[in-house]
Structure formats: C-alpha cells, structure tokens
1. Can you give me the number of residues within the range 310-330 that are touching a Pro at 6+ places or on another chain (Cβ under 8 Å) and free of Cβ contacts under 8 Å to residues at least 24 places away in the same chain?
2. In the list 150, 80, 84, which residue meets the criterion of being over 21 Å from residue 164 (Cα atoms), in contact with a Phe, Trp or Tyr (Cβ under 6 Å, 6 or more places away or on another chain) and surrounded by 23 or more Cβ atoms within 10 Å (Cβ to Cβ)?
3. Part of a loop (DSSP other than H, G, I, E, B), among the aliphatic types (A, V, I, L, M) and under 18 Å from residue 414 (Cα atoms): which single residue out of 432, 438, 486, 463 fits that description?
4. Which condition number in (1) surrounded by fewer than 18 Cβ atoms within 10 Å (Cβ to Cβ); (2) assigned to a helix (DSSP H, G or I); (3) not aromatic (Phe, Trp, Tyr) is the one that residue 179 fails?
5. Do we have residue 156 as of a type in the set (S, T, N, Q) and surrounded by fewer than 16 Cβ atoms within 10 Å (Cβ to Cβ) here?
6. Do we find a residue being surrounded by fewer than 21 Cβ atoms within 10 Å (Cβ to Cβ) and either closer than 22 Å to residue 477 by Cα or among the aromatic types (Phe, Trp, Tyr) (or both) anywhere in the range 411-419?
7. Considering only the range 422-455, how many residues are among the aliphatic types (A, V, I, L, M) and within 24 Å of residue 511 (Cα to Cα)?
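The values are calculated or read from the model by the stated rules, or taken from the named source; none is laboratory data. Keep in mind that this is a model prediction, so the values were computed, not measured. Counting neighbours? That spans all protein chains shown, and the Cβs are built from the backbone with ideal geometry, glycine included.
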Amino acid sequence: MPQRTTPVWNAMITGCVDIGCRDIGLELFVLMHLLGVGLDQYSVVSVISLCDSPEFVGFGTQLHATVVKTGFVACRVPVVNALVTMYFDCGLVGDALAVFGEGAIRDEISYNALIAGLVRWGRDEEAFVVFKEMMKEAFFLPTGTTIVSVLSACLTKEVGKQVHAQAIRSGLDASLLVANAFVAMYSDCGDIVSAQQVFDMISDKDSVSWNSIISAYCQQDCYETAIELYDQMLRDGYEPDDFTFGSLLACATCLKYVMMIQAVAVKKGFSSCIGVSNSMLSAYSKCGDIDSAYRVFSNMLFANVISWNSIIAGFVLNGFPMRAIESFSTMLKLGLEPNTYTLSTMLSTFASLSEVKYGKELHGYIVKSTTNCSTAIQNALITTYAKCGELNCSTKVFYRMSQKDLVSWNAIIAAHAQNGDGYGAIRYFKALQTSNILPDHVTFTAVLSACSHAGLVDEARLLFSSMFEDYGLEPGRDHYSCIIDLLGRAGHLDEAEKILNSMPYRVDAQIWWALLSACSTHGNARLGGIAAKSILELEPDNAAVYILLSNLNAVAGQWEEASNVREGMRKTGLLKTPGFSWI
C-alpha cells in the first residue's frame, strides 16, 4: 500500500481489537507513532481498549500521559470514556474516578461507564449517588444500560422502587432488557409479588424472562409454582437452558423432584453440561442421597473444582467425613488446586472430628501455597485450632495475619470463649476496640458467652450495656440468654428477672430453663414457679419441669405446693419412670 493514512492504521488496530490480537495491535500503534502518523481519537480509543487487564495497565498509563499532552482528554469524550473503562477493568478505581472528575465534557456513556465500574467493584452506594447526579445535575436521561447497571447496586427494595419509577418516567420500562432486570431485582429483594407483576407486563418474553421468574420462585421456596412456570415456559415454545435447570435444582429439597429434573435434563441433552451436573450433584446431596450424588460425580467427563467441592461438601453433610478427606486427597493428587471454599470445608471437617493432625498438615499446605493464604482461610484456621483445643495455635495464626477483619477478631474472641479463657476473650475485645473495626452482634455473643462460662458477672454487665450505649446495637436473643444465664447462676435472680421482663422478644424455652435451673440452685420458689409455668406453656408434655419444680418447693419447705405439683403431674399422665434393678 503506497500511502498508509491514519484511517488505515486505525482500521488495522481496530481489527486486532475485534479478533483479540492484543500484542499485534499495541505493536502497530507504537509503529504508527514512531513513523509520525497523526493520531486521532479513534486511534487512541482503540488502543486504550487493548489495555483492559493489569499486565497492560503500564502501557495504558503511558498512553494516558501522551493523550493528556495532546489535549485529547480535555475535549474528546470518547477518550475519557475509554480511560474510565480501562482503569476500572484494571481494578484502579481511584484512577477511574480521577479521570471522570477531570473530564471537561461528559455524556451518557461517561456516566454509564462510571456507574457500571463502581457496581463492579462493590461501591454500590456511590453508584446510586452518581445515578442521581446524572439526572439532577447533568440533566442526562438514563438509558437502558444505566438502569440495568444501577439495579445491581440496589441494596434494598425501596431503592429499587425508586429506580423503577425513574425507568417508567423515562419510558424504559417497556425495554425487555430493563424489564428482565427488574424481575431479577425484585426477586433478590424477596418481593415475589412485584417480580410477578413486572413479568406479567412483559409482552414479548424471552428465555431470560422465564429463567428470572422461575429463579424468583425457587429462591422463595415456592417449588410447585416454579415447576408450573417451567411447564408454561415449554408450552409457550421456549426451551430450557443450563440456567433453568440450575435454578430448579438449587432449591429442590424433594428427591422425587431432583430425579424428575435429572430425567428431563438428560432428555434435553444437558447431561454433559458441567454446570447442570454440579447442581444435580449438590441437589442429591441436600436430599440425603449421597450415592446418587456420587454416581453423577463419577459419570462426569471432566470434574472441575466446583464439582470436587460439591462432592466433598456432600460427604460432610451426609455424615461421611472420612470419605470427604479421601476425596480431598484424590483431588490434590490429580493436580487440581483447591479454592477457599474447599479449604474452609476441610478445615471445618477436621474441627468437627477434633483431628488437629490433619488440620496442621493442611495448614502447612496453605502456608506453602501462594494463592490460598487468604484472610478467610486464616480465620477458618483460628476456628479449627480452637475447636481442637489448640488455643495457642489459634493465637499464633491470629498474630501472624497481615490483614485482620472483623471475622478474625470474632474468631479469636470465640476461640478463647470455647476454651474457657474468659479474661482472654475480654482482652481481645478491648484490643478490637482500639482498632478501626467496630464490633457486631457476633462479637458480643462471643464475649458474653466467654463471661458466662467464666462467671465474670461485672464484666458481662458492662459489655451488655455497651452494646447499645456505645455501638447502637440492639441485643438479640443470644445476648439476653447469655446475661440471664450468667446472672441466674451467680444468684442475681432479681436482676435476671428484670432483664428478662425488658426483653423485646418472646422469651423462649431455653432462657426459661436457664432461669428455672438457677432458681432450683438458689432456692427461689417464686421465680421458679413462674419459669416452670412458662416452660409448660411451650412444652406441655415435659415431665422434667414438674419434677424440678416439685423438688424446688420441697427444698423451700413448701410441702403443700410440692404435693400439688406432683398431683398435677399425675393428672396429666406424666408420671416419672420408677427406677428398678435386674439384680
């Protein structure tokens, strides 16, 4: 070609983009630049799109500096949009926000790129703020792409309804893409009625529409309705896909349904689909048919990590921990690298068996691995060692962690609670208070439980009060149960009764039993009678209540009351089984 103009070079680079030849495309751009061929926005945008992964971000950053010098960023919106997308693709959220903020001119695509990027990296609240700014300050109407992106950021149904209202005002609710997204959003928020209403209004449904509504009913455990919708889908001429079968299998709790879905999947040619096979394997395991689950696993042409995770979890769920360990060993021998889920499952299995030897061996494997020593896995190690009684090992793991999250602190506090070290649990709780991490309900359950087991009454009182006063956390049933049990066993029955009467929840049998036991120990017949009566309302056929109350009255010298309790027991037919001997 005698003369290669800028459009010709652009066409070549764009072709490389289309067919995924990243290296050739970048080499062409460098050569173009060296030969002094003039750049335009199409050249720049095409090359920026090639720098969409971390290993090429260096080239993309250099290109960014070049286009800043040439003035492209200041006046060319497509270049700004491409840079925002590139930085999000490389995980550089701060740089993407900076480019967007410095752009003198923006369009709908700019806002769509920013919203989609923020959602992708879990910054949902910021995405929704940008969505509102887009309409109120920039005066841009949202597109279907905007609505679909921002719906992924809807943390609550109320926010989702606001987006729905805006879509209706903008005339976007008739779009099939948008309507399907609203069905999924309402489903995720648990509003099956609204999901059904949106689905019914779709005039030209597609397979995504049917899959979304079937999945919605599956998530709400409305399995019969999901099956009816599946039948209707077939009658309307739509074929199921792997997502359809995955949804139906994910919530199938009846073995009959799993077998039926498997038969249909095989008939429809999905028996070799690894996603469907994995879902089938899990469904059989949840229904207690581990033999069928293993047959599905054995018949798979290629088992991936998810397949191995499913069969290992299935063995654990159905009470075969040793087979789970054998499967994990086989997985390693085949060269498959376990992921976080695999390792967490195995660690919890070793903890349930109190097999600290296996736990330490797996710990060694994790330390040697460059990809599996995550915070989540180290948290699981803390819990595993604690359940095996190796509190020192739990503490060593905790101190060696480079990054600690709230789960880490909760795990180490619970570890000390489980091993009877109440003061140790409080010491770690105080250390947490000096960090930048706030405790949650789980934290207080662990530290109050530690106080209860160690009899630390004064410390528990302060902690219980601190929940709401210092952190705005309303105590839950577990917290009330811990403090009432502790106060009762320590003999502070009046205080325990006062806290019990202040509970915003209905008192369950477990708390009444703790109080009755404490009353029996400390001879409080009045409060013991209240506790016993409350237990009998919840468990009317429990003979142990009558016996404990009768003994309590007898110890208190209330012989007539003791006799009345025994008489009441005889009238209800709840007679204490007499002891006897074969000798």
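1. 1
2. 84
3. Going through 432, 438, 486, 463 in turn, the sole match is 438.
4. (1)
5. Yes; evaluated as a whole, the condition is true for this residue.
6. Yes, there is a match, as at least one residue in the range 411-419 is surrounded by fewer than 21 Cβ atoms within 10 Å (Cβ to Cβ) and either closer than 22 Å to residue 477 by Cα or among the aromatic types (Phe, Trp, Tyr) (or both).
7. 8
Residues are listed down the side, and each one gets a yes or a no for (1) charged (D, E, K, R); (2) in contact (Cβ under 8 Å) with a residue 24 or more places away in the chain:
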| site | (1), (2) |
| --- | --- |
| 358 | no, yes |
| 368 | yes, no |
| 376 | no, yes |
| 380 | no, yes |
| 384 | no, yes |
| 389 | no, yes |
| 395 | no, no |
| 401 | no, yes |
| 408 | no, yes |
